[in-house]
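Trainee: Submitted below is the structure of interest, expressed as structure tokens.
What follows is calculated from the coordinates using simple rules that are stated; it is not laboratory data. Keep in mind that this is a model prediction, so the values were computed, not measured. All Cβ positions, even for glycine, are placed from backbone atoms using ideal geometry, and neighbour counts span all protein chains on display.
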Ligand SMILES: Nc1ncnc2c1ncn2[C@@H]1O[C@H](COP(=O)(O)OP(=O)(O)OP(=O)(O)O)[C@@H](O)[C@H]1O
Ligand code: SF4
Ligand SMILES: [Mg+2]
């Protein structure tokens with residue numbers, strides 16, 4: 001299925017199919033009230049502030065939000081990859097295992113076998129002094145007892161699985177000899193070496209050009225279909241989430257502010273913040289020399305959140321009521337949002353088409 005087919009699929013999906021809970025696969029990961037704080041210079045930074053979600057088998061959850069909204073910290077907390085200055089509380093259950101508070105030895109085993117992560121910058125994640133075949137072989141060796149030849153054969157198999165052209169020849173090449181897209185394929189092969197239940201892709205395609213980005217996302221979707229892996233995809237790009245995610249969680253100021261199946265969310269955006277994020281995606285219909293919308297104002301200081309709704313200082317729908325923080329509530333079946341005046345909802349402070357996020361125009 002191409003990216004375009006995926007968008008068409010999504011546009012034609014109706015709500016009934018989008019949040020039909022009848023045949024939902026079982027949750028693989030259940031996150032409840034996850035919180036992460038950092039203490040720095042006498043300030044408490046609330047990077048993640050009470051996150052709840054379920055990741056179901058074989059599904060993709062997209063966590064979306066502006067820079068600094070807590071996306072990476074929230075998944076690093078699951079993997080025990082935060083510095084000692086981080087304080088993590090709440091719960092994250094992977095199958096029967098509670099990840100929050102797990103000791104480092106047990107966490108290392110989970111990290112190796114059950115959850116794997118692909119980062120934004122493959123150039124920095126790969127070892128420049130070792131050929132890529134060896135790096136994949138080494139990752140395999142950490143999870144399976146195979147002799148040298150069998151591990152190398154498996155590495156070539158994984159290289160083919162991630163569609164690295166001329167895999168046998170590439171085995172001997174070093175990271176600097178590969179393009180950015182190929183390096184990211186190597187990182188995905190390393191991540192898949194353990195056959196993980198959950199694959200976390202943290203801005204895995206952000207550094208790539210648009211064509212390569214689409215190829216890598218297609219690869220991840222294809223691998224997911226074939227291997228049944230559950231994926232958490234982190235991005236600031238709602239367009240990618242629209243194409244590839246089953247569920248979307250929008251973060252602002254360390255919290256989930258809108259959460260729904262992708263088809264529901266994109267057909268009925270409710271949070272003014274989500275709407276503003278969508279407005280900042282260039283459209284094919286935007287004139288080529290037109291003005292690009294960006295969200296006006298600054299993301300909140302996580303050590304000093306504004307009173308009430310954290311989006312209030314930037315929100316076109318804000319009223320005095322927004323000085324009281326709205327709870328994330330399931331207002332419509334399967335659709336949760338935290339807003340007093342949602343976009344397009346009956347009785348909202350703004351109207352579906354009339355309310356516009358405050359935008360700055362940049363040429
Ligand atoms: N080691 C740290 N010490 C103190 N604060 C930190 C640390 N790491 C992250 N933070 C805080 O947590 C906030 C959220 O960071 P995070 O990396 O999760 O953002 P993000 O949503 O992934 O942003 P981006 O899209 O830029 O990757 C940051 O704004 C920062 O204030
Ligand atoms: S309308 Fe109020 S509650 Fe809703 S996003 Fe704007 S400021 Fe927040
Ligand atoms: Mg990040």
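Trainee: Quick check on packing: order 70-79, 51-60, 217-226 by the mean number of other C-beta atoms within 10 Å, highest mean leading. Before the final figure, lay out each step's value.
Mentor: Values: 70-79: 23.3, 51-60: 19.2, 217-226: 16.7.
The packing order, highest mean first, is 70-79, 51-60, 217-226.
Trainee: Looking at the square roots a ≥ b ≥ c of the eigenvalues of the Cα gyration tensor of segment 43-170, which shape do they give, rounded for a/c under 1.5, prolate if a/b is larger than b/c, or oblate? Before the final figure, lay out the partial values.
Mentor: Working: a/c = 2.09, a/b = 1.83, b/c = 1.14.
Taking the square roots of the gyration eigenvalues as a ≥ b ≥ c, segment 43-170 is prolate.
Trainee: With a ≥ b ≥ c the root eigenvalues of the C-alpha gyration tensor of segment 207-250, is it rounded (a/c under 1.5), prolate (a/b larger than b/c) or oblate? If you can, show how the numbers build up before the last one.
Mentor: Working: a/c = 2.18, a/b = 1.09, b/c = 1.99.
Oblate, because a/c is 1.5 or more while a/b does not exceed b/c.
Trainee: Roughly how many whole Å is it from the C-alpha centroid of segment 205-277 to that of segment 105-157?
Mentor: Segment 205-277 and segment 105-157 have Cα centres separated by 26 Å.
Trainee: Would segment 124-164 count as rounded, prolate or oblate if I go by the C-alpha gyration tensor, calling it rounded below 1.5 in a/c and otherwise prolate when a/b exceeds b/c, oblate otherwise? If you can, show how the numbers build up before the last one.
Mentor: Numbers: a/c = 1.95, a/b = 1.24, b/c = 1.57.
Because a/c hits 1.5 or more and a/b fails to exceed b/c, segment 124-164 counts as oblate.
Trainee: I've got another one for you. Ranked highest first by the average count of other Cβ atoms within 10 Å around their residues, in what order do 320-332, 106-118 fall?
Mentor: Numbers: 320-332: 13.6, 106-118: 18.3.
In decreasing order of mean packing, 320-332, 106-118 become 106-118, 320-332.
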